[in-house]
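Undergrad: I have a structure I would like to understand better, so I am pasting it below and will then ask my questions one at a time.
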Amino acid sequence: MDILSRKEKFMFNFRTDLAAERREIYRTANKLENEINGIESEEQQIDENIKVDRVKITNEEGEKAIGKPKGVYVTIDIKNLKIVGEEEIQKSADTVADELRKIVDSHVDKNGEILVVGLGNIYVTPDALGPKVINDIEVTRHMIKYLPQYVKEGARNVSAISPGVLGTTGIETVEILKGIVENTHPKLLIVIDALASRSIERISSTVQISDTGIVPGAGVGNTRKEISQNTLGIPVVAIGIPTVVETAVLVNDSLDLFITKLQDEAKSNDYLNQLKEEDNYEEIKEALVPQDYNLIVTPKEIDGLIDNMSKIVAKGINQAI
């Protein structure tokens, strides 16, 4: 395979749901020092453990480059999530709330009704994030309707649902949500889902917030019908956390670590330097796929990571809305 055809294939097979990762992959593959045309970006370091990347896709050229629709994508990276305490969880939730509030306020007024939707399968830990978050959302719709005397004046109308997955309901999630939207008339949806990443270190330690909706299963090649303003008629804000990577990603990242070790031991040569500079994902994947070895993998600490992330996201949503 020549270099050009490798790049063309690589650019359109990102195998990640994160806009920030797609942007970096595209820039690396095309050796770009400047920003991609049609994309604006900024980075903010909140503290030693929390970093925020904001990516805005402004036109069709930006859309085509990284395969994401025009809109705002905020990526919050949180280090050391395996060992965080309540103070660190609250600080992370504050950051999520600040970024989410800005996006929500740009699409709906302070009194606009909001429906929070937790996608995923509660019985599959890497896919259980959405349903777990829903359990901790402070819903008010029933209180406002039936017990208004107990509701603080000016409280926003909030409802929540975890619709399950196609394999257990037999119904596409967007079909369920259309019925709910038509009957309850929310002004905006917040959808939470597990994502796929192209980086081991981002597993259950990154939050992406976007205002362009979501295509469930897209990151792992199990694409379902999109949940967006195009399909539901109201703005859809998506909150996603990567919980899995492919084996090819794992091998590629491990190869980089191995080469770094050899270089640190002064065993490097021109070949190893060249190998590390390239992204070997496609070659590794081509070796694994014919044997059905390109598995979707998740870390052994996934239970604790999902618990921490669900707390961060639920607190962030409650504070923001």
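Undergrad: Restricting to the range 177-212, count the residues that are more than 26 Å from K70 (Cα to Cα) and of a type in the set (V, I, T).
TA: 3
Undergrad: Does at least one position in the range 61-79 carry a residue that is over 17 Å from E21 (Cα atoms), open to solvent by 10 Å² or more (accessible area, probe 1.4 Å), more than 20 Å from the chain's Cα centre (by Cα) and not hydroxyl-bearing (S, T, Y)?
TA: Yes, the range 61-79 has at least one match.
Undergrad: Among the residues of the range 225-237, is there at least one that is modelled with pLDDT under 70 and surrounded by fewer than 22 Cβ atoms within 10 Å (Cβ to Cβ)?
TA: The answer is no; no qualifying residue exists.
Undergrad: Across the range 22-62, what is the total count of residues that are farther than 24 Å from I89 by Cβ and in contact (Cβ under 8 Å) with a residue 40 or more places away in the chain?
TA: So the count comes out to 6.
Undergrad: May I pose another question? G85 is checked against (1) in contact with a helix residue (DSSP H, G or I) (Cβ under 9 Å, 6 or more places away or on another chain); (2) open to solvent by less than 70 Å² (accessible area, probe 1.4 Å) and fails just one. What number does that condition carry?
TA: Unmet for G85, out of (1) in contact with a helix residue (DSSP H, G or I) (Cβ under 9 Å, 6 or more places away or on another chain); (2) open to solvent by less than 70 Å² (accessible area, probe 1.4 Å): (1).
Undergrad: Consider only pairs whose beta carbons are under 7 Å apart and that are at least six residues apart or on different chains; among these, list those whose first residue lies in the range 243-255 and is over 9 Å from I200 (Cα atoms) and whose second residue is basic (K, R).
TA: That search, which allows pairs on different chains as well, returns E246/R15; A248/K285.
Undergrad: Also, quick follow-up: Taking the condition of being under 29 Å from D307 (Cα atoms) and surrounded by fewer than 19 Cβ atoms within 10 Å (Cβ to Cβ), how many residues in the range 98-113 meet it? Write out each step before concluding.
TA: Residues of the range 98-113 under 29 Å from D307 (Cα atoms): 98-105, 113.
Those left that are additionally surrounded by fewer than 19 Cβ atoms within 10 Å (Cβ to Cβ): 98, 101-102, 105, 113.
Matching residues across the range 98-113 total 5.
Here is a yes/no grid of residues against (1) surrounded by 13 or more Cβ atoms within 10 Å (Cβ to Cβ); (2) modelled with pLDDT of 85 or more:
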residue: R6; (1), (2): yes, no
residue: F10; (1), (2): yes, no
residue: D17; (1), (2): yes, no
residue: E21; (1), (2): yes, yes
residue: Y26; (1), (2): yes, yes
residue: E33; (1), (2): no, yes
residue: N37; (1), (2): no, yes
residue: Q45; (1), (2): no, yes
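Undergrad: Answer yes if at least one residue in the range 124-131 is open to solvent by 30 Å² or more (accessible area, probe 1.4 Å), touching a residue at least 12 places away in the same chain (Cβ under 8 Å), farther than 30 Å from E43 by Cα and part of a helix (DSSP H, G or I), and no otherwise.
TA: yes
The values are calculated or read from the model by the stated rules, or taken from the named source; none is laboratory data. Please read all numbers here as calculations on a predicted model, not as lab measurements. All Cβ positions, even for glycine, are placed from backbone atoms using ideal geometry, and neighbour counts span all protein chains on display. These accessible areas exclude ligands, DNA and RNA; they are computed on the full protein's heavy atoms, side chains included. Shrake-Rupley method; radii C 1.70, N 1.55, O 1.52, S 1.80 Å.
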